[in-house]
Amino acid sequence: MSARDDILAAVRRNLPRTDALLPEIPRFAGGGEPAVEYFRTRLELMGGRSMEVPTVAAAEATIGELFPDARVVCSAVPEIAGTRRIEQVRDPHELHDVEVGVFRARLGVAEAGAVWVTQEDLVVNALAFLSQHLVVLLDPAAIVNTLHDAYDRMDCSASPYGVLMAGPSATGDIEGVIIRGAQGARSLTVLLLTDSTARNTATA
Amino acid sequence: MTRPVDPAAGAERFLAREEHEATHDRLVWGLRQKRDAGVATIAEWEELRELASRIKEHTLAHLDRYLEQFEANATKRGTHVHWARDAAEHNVIVHEILRARGAQSLIKSKSMLQEECGMAAYLEARGIEVTDSDLGERIQQLSREPPSHIVIPAIHKLRTDVAALFARELGTDPDDTEPRTLVEAMRRNARPRFLRADAGMTGANFAVAETGGFVVCTNEGNADIGAAVPPLHVASIGIEKLIPRARDLGVFVRMLSRSALGSPITQYTSHFHGPRRGGELHVVLVDNRRSERLGQPEFWPVLKCIRCGACMNTCPVFRRAGGLSYDATYAGPIGVILDPGFDRSKYRELPFHSSLCGSCSDVCPVKIDIAGQIYAWRRVIAGDGLVPLAKRAGMRALGATLARPAAFRAAEAAAHAALRTAPRALLYNGLNAWGRGRELPAVPEQTFREWYLEHRRMS
Ligand code: SF4
């Protein structure tokens with residue numbers, strides 16, 4: 001018998017007798033604060049930061065102010081040029097020298113201070129991990145309260161890769177001292193596009 | 001019969017350097033306190049525990065079906081699914097995947113399953129360079145030691161230990177013990193290895209049957225580097241990691257990091273559903289005696305474990321003795337109930353490496369009755385005639401005494417008196433390993449029975 005059939009047969013032989021039904025997951029309300037404010041404090045707790053900018057054009061200017069000396073800014077956002085276009089990148093290794101990576105997130109999760117980003121947003125997934133610093137654009141209307149809400153909304157299986165990212169890379173492996181910038185990004189800045197809500201509702 | 005591990009001797013080695021014990025105790029207990037603060041932010045915590053426990057129980061009761069469903073959906077997404085009966089098969093499969101693609105170097109993120117399989121040593125013996133990408137794991141790898149904690153692998157080390165290690169291995173300044181400098185040194189050393197790796201390996205925290213995807217939780221983003229940079233990603237997944245639906249992730253992701261570190265989520269919670277653009281994805285589903293455990297009416301609930309480490313952080317024995325003292329893949333309370341299932345003779349001492357205080361059961365997010373399982377293992381091992389020597393003489397007397405209430409009461413009163421007069425001689429007589437490195441708490445004025453009788457009279 002193949003290993004597969006052996007294992008499945010052994011599992012079948014040994015299934016525990018329990019009548020545990022698969023429970024429905026109730027709707028949990030979460031924090032109660034306005035989602036955007038809750039998101040911002042939670043993100044800070046996780047080591048990230050957020051700023052409000054009205055538009056994508058303003059976001060581009062903000063990136064310039066935040067990282068005035070950055071030589072390589074790689075952008076996956078069509079409206080933000082950067083110094084390198086992600087669409088031109090053929091192999092993830094080409095991203096080894098990126099100082100600032102820029103992309104959009106689809107969703108924010110307030111209780112976790114996390115943004116949901118997929119392969120479609122990153123184009124090359126390594127952008128989120130080889131870049132020294134990250135700037136993420138997020139529509140504040142796309143912030144949900146709890147992780148339950150997030151899993152209901154985001155269909156985590158729609159893309160081959162999707163990540164809930166809460167702040168930069170971090171470690172507490174040496175005497176529990178939290179250090180940001182362990183192996184991945186050293187910093188994460190979320191730019192909340194305050195005008196996009198109005199625009200989206202206007203065009204909806 | 002396998003020679004048993006000797007946790008008391010291991011603990012003694014750890015306790016020999018006092019500053020280690022004090023820092024370890026402080027850090028690990030600090031995690032427990034952070035966990036409490038994290039849990040307190042969720043009003044429905046107990047409800048979540050109940051949900052998590054029921055979802056896991058349900059999945060395990062229908063595991064054959066969910067495994068088939070996972071395999072079918074993963075395959076549809078272009079993931080190659082392999083099955084391994086045991087550790088040896090797992091290692092052969094992984095090696096074959098790497099060999100067929102000419103892979104020479106590998107970066108791996110934390111996977112207790114790969115530790116369980118002894119994978120790194122197996123691959124290294126076949127000429128493959130293996131680099132741990134998690135900082136704590138890398139520290140342990142460079143020290144040629146296994147992880148001492150399933151979440152924070154090098155938590156038993158002081159910053160001075162790490163500085164000395166890095167000075168030797170990476171050429172850093174041995175006097176610079178600043179964690180920030182040390183982390184930066186490792187970042188600079190690791191990057192070139194990440195960039196030249198031919199393959200990335202990860203474990204998985206959850207595998208979702210209905211979608212055929214799996215989820216990896218890390219704080220460093222190191223699993224994602226392994227998945228995103230090299231062209232090949234191989235994930236080792238124990239068959240007990242299955243959950244039915246994507247929605248169930250909401251319950252588990254909310255609980256995992258809060259239980260482990262107190263934070264609302266790990267920095268990265270990564271979902272893999274098929275190979276990334278331009279990449280190749282393999283999953284190895286591993287049994288390694290899990291199916292056998294499934295058939296043990298007393299012990300199958302341990303398969304619900306999500307490896308959060310909360311039971312370790314709260315355990316008074318783990319905190320004082322350190323993870324390496326268990327001399328096993330899994331340390332702490334979870335190790336005490338997992339390890340004997342792999343080798344009952346070798347790990348027969350572990351269930352006695354516990355005070356049965358029950359704190360582990362209280363913090364477990366999936367409601368495993370850990371203390372009950374420890375006790376059950378003691379019975380199994382006693383039934384094998386494998387009770388540790390130091391305990392056997394005392395236990396026989398204890399068994400006889402507990403069986404007769406009058407004798408118990410007499411013994412209790414006598415013991416109480418004895419404790420006040422000559423406790424050290426009795427407890428620290430060299431036969432009782434637990435006396436080593438421990439001081440007795442102050443003896444209360446009354447025995448419990450006296451207290452109980454008095455209070456019953458009063459009420
Ligand atoms: S037994 Fe429970 S508390 Fe311990 S690691 Fe597993 S899930 Fe966490």
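So is B:SER259 in the same structural domain as B:LEU113 (by TED's automatic domain parsing), closer than 25 Å to B:ALA154 by Cα and within 11 Å of the ligand (Cβ to nearest atom) or not? Explain how you work it out, then say what you get.
Numbers: in the same structural domain as B:LEU113 (by TED's automatic domain parsing): yes; closer than 25 Å to B:ALA154 by Cα: yes; within 11 Å of the ligand (Cβ to nearest atom): yes.
The answer is yes for B:SER259.
I'd like to know if region A:47-66 contains one or more residues that are away from chain B (no Cβ under 11 Å), surrounded by 13 or more Cβ atoms within 10 Å (Cβ to Cβ), out of contact with any His (no Cβ under 9 Å at 6 or more places or on another chain) and without any contact (Cβ under 8 Å) to a residue 12 or more places away in the chain. Yes, some residue in region A:47-66 is away from chain B (no Cβ under 11 Å), surrounded by 13 or more Cβ atoms within 10 Å (Cβ to Cβ), out of contact with any His (no Cβ under 9 Å at 6 or more places or on another chain) and without any contact (Cβ under 8 Å) to a residue 12 or more places away in the chain.
Just checking, does region B:291-303 include any residue being within 11 Å of chain A (Cβ to nearest Cβ), crowded, with 23+ Cβ neighbours inside 10 Å and away from the ligand (no atom under 16 Å from the Cβ)? Scanning region B:291-303, I find at least one residue that is within 11 Å of chain A (Cβ to nearest Cβ), crowded, with 23+ Cβ neighbours inside 10 Å and away from the ligand (no atom under 16 Å from the Cβ), so the answer is yes. Within region B:327-352, the set of residues being outside any loop (DSSP other than H, G, I, E, B) and either within 10 Å of the ligand (Cβ to nearest atom) or within 11 Å of the chain's Cα centre (by Cα) (or both) comprises B:GLY332, B:PRO333, B:ILE334, B:GLY335, B:VAL336, B:ILE337, B:LEU338, B:ASP339.
For the residues A:ALA128, A:ALA198, A:ALA202, A:ALA182, the requirement of being among the hydrophobic types (A, V, I, L, M, F, W, C), at pLDDT 95 or above and not in a strand (DSSP E or B) singles out A:ALA128.
When B:SER270 is tested against (1) crowded, with 24+ Cβ neighbours inside 10 Å; (2) under 24 Å from B:PRO4 (Cα atoms); (3) within 11 Å of chain A (Cβ to nearest Cβ), only condition (2) is not met. Taken over region A:78-95, the criterion of being out of contact with any strand residue (DSSP E or B) (no Cβ under 8 Å at 6 or more places or on another chain) and surrounded by 13 or more Cβ atoms within 10 Å (Cβ to Cβ) is satisfied by A:PRO92, A:HIS93, A:GLU94.
Report yes if B:PRO316 is more than 9 Å from the ligand (Cβ to nearest atom) and either under 13 Å from B:TYR375 (Cα atoms) or within 10 Å of the chain's Cα centre (by Cα) (or both), otherwise no. Against the criterion (more than 9 Å from the ligand (Cβ to nearest atom) and either under 13 Å from B:TYR375 (Cα atoms) or within 10 Å of the chain's Cα centre (by Cα) (or both)), B:PRO316 does not qualify.
Only residues that are facing chain A (nearest Cβ under 9 Å) and either in contact with a His (Cβ under 8 Å, 6 or more places away or on another chain) or buried (at least 23 other Cβ atoms within 10 Å of the Cβ) (or both) were counted in region B:240-256, giving 8. If you check B:PRO192, B:PRO179 for being facing chain A (nearest Cβ under 8 Å) and without any contact (Cβ under 8 Å) to a residue 60 or more places away in the chain, only one passes: B:PRO179. Annotation: A:ALA182 fulfils all but one of (1) among the aliphatic types (A, V, I, L, M); (2) more than 7 Å from chain B (Cβ to nearest Cβ); (3) crowded, with 24+ Cβ neighbours inside 10 Å; the unmet one is (2). Tell me, yes or no, whether region A:89-104 has at least one residue that is in a loop (DSSP other than H, G, I, E, B) and free of Cβ contacts under 8 Å to residues at least 24 places away in the same chain. Yes, some residue in region A:89-104 is in a loop (DSSP other than H, G, I, E, B) and free of Cβ contacts under 8 Å to residues at least 24 places away in the same chain.
For the residues B:MET201, B:MET186, the requirement of being crowded, with 22+ Cβ neighbours inside 10 Å and in a helix (DSSP H, G or I) singles out B:MET186.
The values are calculated or read from the model by the stated rules, or taken from the named source; none is laboratory data. Because the structure is a prediction, the values reported are computed rather than measured. Backbone-built Cβ (ideal geometry, glycine too); neighbour counts: all protein chains shown.
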